[in-house]
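Shown next, in structure tokens, is the structure this report addresses.
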Amino acid sequence: MHMLKEPFENRSGKLFIDGVPAEKLAEEFGTPLYVMSEERIRANYRRLRKAFSAHYGKIRIYYAAKTNTNISVLKILAGEGAHVDAVSPGEVSLALKAGFAADKILFTGTSVRTDELEFLAARAIAVNADSLSPLERLLGIKTPELFSARVNPEVGAGHHSHVVTAGKETKFGLWQDDAVKAYGLAKKAGVRRFGIHMHIGAGVLDTEPFLLALDRLLGIAKKIRVETGVEFEFVDMGGGLGVPYKPGEKELDLAVFSENILSLFKKRAAEYGLGEPVFCLEPGRYLVCDAGALLAAVNTVKTTPFKKFIGVDAGLNTLLRPALYGSYHHILSAGKLDLPDTQTCDVVGQICESGDVLARDRRLPEIAEGDLLAVLNAGAYGFSMSSQYNSRPRAAEALVKNGDYELIRERETLEDLLARQRIARWLK
Ligand code: LLP
């Protein structure tokens, strides 16, 4: 028996997502299929906004688009009033198409090319620079109205070393002295509006690293203000808010989290003469992760002298996180929710790599070929990190809403594997 939380429901042993049977979605749209719940995305956004707004009047939430750039997902969040964090011209262009106004987009790219800066300048997109070079090049193109820097607060955190994005080992952010230089430079060039930003890492379930880093960031903001005279319109504490993936794993207690963060923020802002800047958060995962599942069909069940393997039609091409970070994703048997877990097995994909394992030594009920599995928490960094590896067309995506459903991305076809390829002249 599985305890499910919204939008997932057990109706007589069958998995429903936002009121729609998982098996029906798989039948209609095929597998592997990403399913996103609109209600859950909205609920996540509103919960976060409400918790933070309870302690401070000026809260802004940037959705980190890299998490899931489906245009329907972007539209839902645009409709909620979110701003957007974009890290590439592609994300900027999708955000604009989804209806985000240019002044609601903050570009936080790294290793940015000059033509990309030109792209941003032409669309009046604010650049959050993570080194001096893009700022210098940007000023050579056009003096922006607003400038902000991604500062390295020297404290990082994350669910895996690959996703710790502050501290000594990371390529991201400006260190204090360069940050002071950057604002001085921008001010001298005529920039009038300023923000300051950090992002410490991803999948953080503790408050402590955020507090340490924010404290440090505000100290750096004070130094910048004193040395350059810049006044900050916003302070962005980045994203990284974790969500539980394993049953029983604790959730962020938003009431406590927001209160701790904002009381530190208000105290330091007053102490350091920073005024009352807008306080920004930049979550990706928190908004969309638990709103999504990946449905996969069971193709093979194989027992070796050592293990049992459930072979499904999704894998590291569809959901890279388990292979890349060893991440845990809970898996349900969509039609057997009332059956007890009686076996231990590896759930594996179709990719020719031994690392193509979605779940290792997992307890599941008896599974037969043709069964449907649901991989949970697939709404964040699922489709967006998927690939055509092994020449497998990318999966489809569906949106569900209160019993209604629709395809929001067609499954790629074999033709897509050849799209934009060219045969060399001498091979024709
Ligand atoms: N802001 C910036 C500047 C970021 O680089 C990121 C994520 C976020 C916000 C949002 O972080 P979130 O709230 O989603 O944790 N692929 C990895 C996560 C990499 C995140 C990179 N940056 C994963 O699947 O866990």
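The values are calculated or read from the model by the stated rules, or taken from the named source; none is laboratory data. Owing to the predicted nature of the structure, the values given are computational and were not obtained by experimental measurement. In this analysis, Cβ positions are derived from the backbone assuming ideal geometry, glycine residues included, and neighbour counts consider all displayed protein chains. The area values use the complete protein model at the heavy-atom level, side chains included, leaving out ligands, DNA and RNA. Shrake-Rupley method; radii C 1.70, N 1.55, O 1.52, S 1.80 Å.
Could you check the simple spin-label distance between Gln343 and Glu145, using points 7 Å along Cα→Cβ, in nm with one decimal?
Placing both labels 7 Å along Cα→Cβ, they lie 6.2 nm apart.
In terms of modelled amide H atoms, which long-range or inter-chain residues lie less than 5 Å from the amide H of Gly311?
Distant-sequence amide H within range of Gly311: Asn299, Thr300, Val301, Lys302, Val348.
What's the angle, to the nearest 10 degrees (0 to 90), between helix 89-98's Cα axis and the longest principal axis of the chain?
For helix 89-98, the angle is close to 80 degrees.
Heavy-atom accessible area of Thr342 with all protein chains present, probe 1.4 Å, nearest 10 Å²?
Accessible area of Thr342: about 80 Å².
What FRET efficiency do you get for Glu251 and Ala102 if R0 is 41 Å and r is their Cβ-Cβ distance, rounded to the nearest 0.05?
0.75
Can you run phi through the Karplus equation (6.51, -1.76, 1.60; θ = phi - 60°) for the range 204-219 and list ³J(HN,Hα) in whole Hz, with x for Gly and Pro?
After applying 6.51 cos²θ - 1.76 cosθ + 1.60, I find 9, 9, 10, 7, 3, x, 5, 5, 4, 5, 5, 4, 5, 4, 5, x Hz.
Calculated FRET efficiency, Thr413 and Trp175, Cβ-Cβ r, R0 56 Å, to nearest 0.05? Numbers along the way, then the final one.
Numbers: r = 48 Å, r/R0 = 0.85.
For Thr413 and Trp175, the calculated efficiency is 0.70.
Put Lys50, Lys266, Lys188 in order of accessible area, largest first, 1.4 Å probe: what do you get?
Largest accessible area first, the residues go Lys188, Lys50, Lys266.
Give me Rg over Rh for the chain, both radii from the alpha carbons and Rh done the Kirkwood way, two decimal places.
Across the chain, the Cα-based Rg/Rh ratio is 1.00.
Using 7 Å Cα-to-Cβ label points, what is the Glu118/Thr303 separation (nm, one decimal)?
About 6.5 nm separates the two model spin labels.
Quick check on the chain: of the DSSP beta bridges with both residues there, what percent are antiparallel, nearest 5%?
Details: 33 of 69 bridges.
Counting DSSP beta bridges with both partners in the chain, the antiparallel share is about 50 percent.
List the residues of the range 23-44 whose backbone N lies under 18 Å from a point placed 7 Å from the Cα of Asn402 along the Cα-to-Cβ direction.
Only 36-44 fall inside the zone, counting backbone N under 18 Å.
Please list the non-local residues whose amide H lies under 5 Å from the amide H of Arg394, H modeled 1.01 Å from N, same-chain partners needing a gap of 5 or more.
Glu412
Could you tell me the accessible area of Glu39 in Å² (1.4 Å probe, neighbours in place), rounded to the nearest ten?
In the full protein context, Glu39 sits at about 70 Å².
Taking all protein chains as present, what is the carbon and sulfur share of the accessible area of the range 148-294, in % to the nearest whole number, probe 1.4 Å?
It is 48 percent, rounded to a whole number.
Which order do His199, His329 take by accessible area at a 1.4 Å probe, largest first?
The ranking, largest first, comes out as His199, His329.
Over the chain, what is the relative contact order in percent, taking alpha-carbon pairs closer than 8 angstrom and at least six residues apart?
Dividing the mean separation by the residue count of the chain yields 20 percent.
Working from Cα positions, state the angle (0 to 90°, nearest 10) between the long axis of helix 176-188 and the longest principal axis of the chain.
60
By how many degrees, between 0 and 90 and to the nearest 10, does the Cα long axis of helix 38-53 differ from the longest principal axis of the chain?
The angle comes out near 30 degrees.
Karplus couplings for the range 250-265 from phi (6.51 cos²θ - 1.76 cosθ + 1.60, θ = phi - 60°), rounded to Hz, Gly and Pro as x?
6, 9, 5, 7, 4, 5, 5, 4, 5, 5, 4, 5, 6, 6, 4, 4
With equal scatterers on the alpha carbons only and no solvent term, can you work out the Debye log10 of I(q)/I(0) for the range 16-156 at 0.09, 0.14, 0.18, 0.20 1/Å?
-0.36, -0.77, -1.06, -1.18
Extension gain Glu80-Tyr272, at 0.36 nm per residue separation less the Cα-Cα distance, in nm?
Full-extension gain reported as 65.8 nm.
If the viscosity is 1.306 mPa s and the temperature 10 °C, what Stokes-Einstein diffusion coefficient in µm²/s follows for the range 190-252 when Rh is the Kirkwood radius over Cα pairs?
Answer from the Stokes-Einstein relation: 118 µm²/s.
Calculate one ³J(HN,Hα) per residue across the range 396-401 by plugging θ = phi - 60° into the Karplus curve 6.51 cos²θ - 1.76 cosθ + 1.60, and present them in order as whole Hz with x for glycine and proline.
8, 10, 10, 10, 10, 8
What FRET efficiency do you get for Cys352 and Ser12 if R0 is 30 Å and r is their Cβ-Cβ distance, rounded to the nearest 0.05? Intermediate values should be presented prior to the final figure.
Details: r = 39 Å, r/R0 = 1.29.
It comes to 0.20.
Using amide H atoms built in the peptide plane, which far-off residues or other-chain residues are under 5 Å from Phe147 H to H?
Sorted by chain and number, the residues that satisfy this are Arg193, Phe194, Gly195.
Give me the distance in nm between label points sitting 7 Å out from Cα along the Cα-to-Cβ direction at Tyr389 and Glu136, one decimal.
Computed distance between label sites Tyr389 and Glu136 equals 3.8 nm.
Just the number, please: percent antiparallel of the DSSP beta bridges in the range 15-170, rounded to the nearest 5.
Counting only bridges with both partners in the range 15-170, antiparallel ones make up about 15 percent.
Under the 0.36 nm per residue contour assumption, what length would be gained going from the current alpha-carbon distance of Glu369 and Lys168 to full extension?
Result: 67.5 nm gained on full extension.
Helix-derived [θ] at 222 nm for the chain: sum -39500 (n - 2.57) over DSSP H runs of at least 4, divide by residue count, nearest 500?
It comes out at -9000 deg cm²/dmol, rounded to the nearest 500.
log10 I(q)/I(0), Debye, Cα-only the range 108-283, no solvent, q = 0.10, 0.20 Å⁻¹?
Computed log10 I(q)/I(0) values: -0.38, -1.32.
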